[in-house]
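Quick notes on the structure that follows.
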Amino acid sequence: MLVLITYDVSTVTGAGQRRLRKVSKVCQNYGQRVQNSVFECIVDAAQFASLKFELADIIDEQADSLRFYQLGKNYKTKVEHIGVKESIDLEGPLLF
């Protein structure tokens with residue numbers, strides 16, 4: 001399923017800046033960055049549970065925010081893109 005993850009981490013302190021980097025790295029392990037604080041991740045149910053647990057363990061719930069949008073398996077009809085930085089096919093082969 002495709003999950004869209006958005007986050008807002010308070011960076012007014014050094015600890016907040018470290019949390020922001022950690023959240024970004026965890027999200028990069030599961031998907032592709034499509035905006036500064038937005039990731040698209042193709043995951044199964046177990047991976048999604050693990051991802052949520054990892055992120056919830058990092059953030060400060062009093063200062064930060066996480067949002068998860070579950071777009072399901074038929075996400076291709078639900079995502080429209082206009083402008084630069086065309087997204088890659090998340091299910092296609094990885095070419096480096």
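The values are calculated or read from the model by the stated rules, or taken from the named source; none is laboratory data. Treat the numbers as computed from the prediction; the structure is a model and nothing was measured. Neighbour counts are summed over all protein chains in view; Cβ atoms, including those assigned to glycine, are modelled from backbone coordinates with ideal geometry. Note: areas computed on protein heavy atoms with side chains; ligands, DNA, RNA excluded. Shrake-Rupley method; radii C 1.70, N 1.55, O 1.52, S 1.80 Å.
Using the beta-carbon distance between residue 10 and residue 74 and R0 = 30 Å, what value does 1/(1 + (r/R0)^6) give for FRET efficiency, to the nearest 0.05? Kindly include the intermediate steps, with their values, before the conclusion.
On the way: r = 35 Å, r/R0 = 1.18.
Efficiency for this residue pair is about 0.25.
Can you bin every Cα-Cα distance in the chain into 5 Å intervals starting at zero and give me the percent of pairs per bin, rounded to whole numbers?
With 5 Å bins starting at 0, P(r) equals 2, 12, 24, 23, 18, 12, 7, 2, 0.
Too long at a 24 Å Cα-Cα cut-off: which of 22/73; 25/78; 25/52? Walk me through the intermediate numbers first.
Details: 22/73 27 Å; 25/78 26 Å; 25/52 13 Å.
Beyond 24 Å: 22/73; 25/78.
For the chain, which whole percent of the accessible surface, found with a 1.4 angstrom probe, sits on carbon and sulfur atoms? Write down the numbers at each step before the final one.
Numbers: 3470 of 6780 Å².
Exposed carbon and sulfur together represent 51 percent of the surface.
Could you work out how far the C-alpha centroid of the stretch 1-41 sits from that of the stretch 62-80, in angstrom?
13
Using a simple charge model, +1 on the beta-carbon of Lys and Arg, -1 on the beta-carbon of Asp and Glu, nothing else, what dipole does the stretch 1-83 show about its Cα centre, in debye to the nearest 20? Please list the in-between numbers first.
On the way: 11 positive and 9 negative charges, 46 e Å.
Result for the stretch 1-83 is approximately 220 debye, rounded to the nearest 20.
Measure off 7 Å from each Cα along the Cα-to-Cβ vector at residue 57 and residue 82, then give the distance between these two points in nanometres to one decimal.
According to this spin-label approximation, the distance is 4.1 nm.
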